[in-house]
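The block underneath contains the structure these notes are about, expressed in structure tokens.
The values are calculated or read from the model by the stated rules, or taken from the named source; none is laboratory data. Model, not experiment: these values are computed from the prediction. Every residue, glycine among them, receives a Cβ derived from its backbone with ideal geometry; neighbour counts consider all protein chains shown.
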Amino acid sequence: MDPCAGEARAQGSIRLLLTGDVMLGRGIDQVMAHPVAPRLREPSVRDARDYVRLAERVSGPIPAPVPPAWPWGEALAAIEGLRPHLRVINLETAVTAGGRPWPGKGVHYRMHPDHLQSLRVAGIDACVLANNHVLDWSAAGLRDTLAALQAAGIAAVGAGADRRAAQRTLPLPLPGGGRLLVSAWAHPSSGVPRQWAASEHWGGVALLPDLDERGLQRIEAALTPQRRSGDLALVSLHWGANWVEEIPAQQRRFARALIDRGLADVVHGHSSHHPLPVEVHGGKAILHGCGDLINDYEGIGEPWGQPSGLRSDLGCLYLLELGRADGQLKRLRVVLFRLRRFRLSQPEPGDREALERMLGLPAAGWRSSGDAVNHDGVPPGWIWEACR
């Protein structure tokens, strides 16, 4: 028996599954049963089906229409093997068949509301909407997104019909009592237009203008009044540029301050299209950037100027075991997949080494989970354990 797993069970723990960006719009929407109109307004691509053709050119035919479970591929069995109590993702697309594209924006993601079944089959509990694509189809698209998620029974956080709704902390019940409080925010460094900030009379995202004392106070004002004994807190941040080789010092300081001030038991970062290193600070987890889990970039190739070795086709599941009483990180498991034909599949030779470079591994406290699929059906990856 794994000694750390036994210790976690004995003391009581919460298993939390987190992911980075789940992007079911554009090309992926087109291969599902009810695609939206494919017209795009991008500088070089005018039809969303072109992303399907590019992927097929690289990896082979995609059997459209695909079932709702298709994008998750082999990750579905892994999620069940990990047995999370809660599942939280960053949903990087508007959920609407209507709306008007936000003027002046180069990329507009949307998926048909019927395709939310793809999230339901994966048992997703909550979607973070504080990101730079939720308002791609303007205010009407945001209203549709919120309504569609509510109808599907999936909670949303980080965007809303006004400032109060957008900044509202989401309480998710934990087994055995207590709650996970989720507070979600977007920072302009991720490409979120400042005009997207929700106001008293305008729907939008929970915008965090500055990563400083004022930013900490803004999160504290939203989170602290909701917190009660037995609660754990997750602060989810859409921040930072794409394709970054180093985590900005300002982001590191802010994430650590969230933990030092008692505002976060977990910092859930996302925006960069590739995984970034994980930090354990004060015994608590900082995921600086979870990368993309699902996207339609297959076949595009490396963007001009992208640093070598940073890959958006490698997606990770992050399973955190937290102490129920104090939120301390007991164990973190990172499970690797590779996107092929818009579907999460087993990694290929060399993929693990690429992930290690992006995560800055090996590092203290980490070990490999092995080269083969584990007894619980979970593919290889890396594990950090507090008791090592």
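Please go through region 173-195 and pick out each residue that is surrounded by fewer than 21 Cβ atoms within 10 Å (Cβ to Cβ) and in contact (Cβ under 8 Å) with a residue 40 or more places away in the chain.
Leu174, Pro175, Gly176, Gly177, Gly178, Arg179, Ser189, Ser190, Gly191, Pro193
Condition check: over 17 Å from the mean Cα position of the chain (by Cα), at negative phi and not basic (Lys, Arg). Does Glu92 satisfy that?
no
Results for (1) over 30 Å from Pro379 (Cβ atoms); (2) of a type in the set (Lys, Arg); (3) at pLDDT 95 or above, shown as yes or no for each residue.
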site	(1), (2), (3)
Arg110	yes, yes, yes
Gln117	no, no, yes
Val121	no, no, yes
Val128	no, no, yes
Val134	yes, no, yes
Ala151	yes, no, yes
Ala159	yes, no, yes
Asp162	yes, no, yes
Gly176	no, no, no
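In region 316-331, how many are closer than 14 Å to Trp382 by Cβ and in contact with a helix residue (DSSP H, G or I) (Cβ under 9 Å, 6 or more places away or on another chain)?
4
When only residues in region 68-83 that are out of contact with any strand residue (DSSP E or B) (no Cβ under 8 Å at 6 or more places or on another chain) and in a loop (DSSP other than H, G, I, E, B) count, which is farthest from Asp313 (Cα to Cα)?
Out of the qualifying residues, it is Pro68.
May I ask you to list the residues in region 241-264 that are of a type in the set (Val, Ile, Thr) and part of a loop (DSSP other than H, G, I, E, B)?
Result: Val244, Ile247.
Select, from Ala325, Ala363, Ala354, the only residue that is at pLDDT 90 or above, on the phi < 0 side of the Ramachandran plot and more than 23 Å from the chain's Cα centre (by Cα).
None of the other options fit; the residue is Ala325.
Quick one: is Ala55 touching a residue at least 24 places away in the same chain (Cβ under 8 Å), assigned to a helix (DSSP H, G or I) and closer than 16 Å to Phe342 by Cβ?
Against the criterion (touching a residue at least 24 places away in the same chain (Cβ under 8 Å), assigned to a helix (DSSP H, G or I) and closer than 16 Å to Phe342 by Cβ), Ala55 qualifies.
Restricting to region 113-154, count the residues that are surrounded by fewer than 24 Cβ atoms within 10 Å (Cβ to Cβ), among the polar types (S, T, N, Q) and in contact with a His (Cβ under 9 Å, 6 or more places away or on another chain).
Of the residues in region 113-154, 1 are surrounded by fewer than 24 Cβ atoms within 10 Å (Cβ to Cβ), among the polar types (S, T, N, Q) and in contact with a His (Cβ under 9 Å, 6 or more places away or on another chain).
Does any residue of region 104-118 turn out to be touching a Ser or Thr at 6+ places or on another chain (Cβ under 6 Å) and of a type in the set (A, V, I, L, M)? First the steps, then the outcome.
Here is the first cut: in region 104-118, the residues touching a Ser or Thr at 6+ places or on another chain (Cβ under 6 Å) are 109-111.
Checking which are of a type in the set (A, V, I, L, M) leaves us with 111.
Yes, some residue in region 104-118 is touching a Ser or Thr at 6+ places or on another chain (Cβ under 6 Å) and of a type in the set (A, V, I, L, M).
Return yes when Val88 is touching a His at 6+ places or on another chain (Cβ under 8 Å) and not in a loop (DSSP other than H, G, I, E, B) and no when it is not.
Yes, satisfied.
Would you point out which residue out of Leu129, Leu135, Leu119 is closer than 23 Å to Val107 by Cα and touching a Cys at 6+ places or on another chain (Cβ under 8 Å)?
Matching residue, one of Leu129, Leu135, Leu119: Leu119.
For Gly160, indicate whether it is crowded, with 18+ Cβ neighbours inside 10 Å, over 27 Å from Asp231 (Cβ atoms) and in contact (Cβ under 8 Å) with a residue 40 or more places away in the chain.
So Gly160 fails the test.
Would you check which residues across region 3-25 are modelled with pLDDT under 50 and either out of contact with any Lys or Arg (no Cβ under 9 Å at 6 or more places or on another chain) or part of a strand (DSSP E or B) (or both) and list them?
Hits for region 3-25 are Pro3, Gly6, Arg9, Ala10.
Looking for something closer than 22 Å to Phe337 by Cβ, under 15 Å from the mean Cα position of the chain (by Cα) and among the aliphatic types (A, V, I, L, M) - is there at least one such residue anywhere in region 260-270?
From region 260-270, those closer than 22 Å to Phe337 by Cβ are 266, 268-270; that's our starting set.
If we keep only those that are under 15 Å from the mean Cα position of the chain (by Cα) too, we end up with 266, 268-270.
So of that shortlist, the ones also among the aliphatic types (A, V, I, L, M) come out as 266.
So far as region 260-270 goes, yes, one or more of its residues are closer than 22 Å to Phe337 by Cβ, under 15 Å from the mean Cα position of the chain (by Cα) and among the aliphatic types (A, V, I, L, M).
Does Gly289 fit the bill of being crowded, with 24+ Cβ neighbours inside 10 Å and not hydroxyl-bearing (Ser, Thr, Tyr)?
yes
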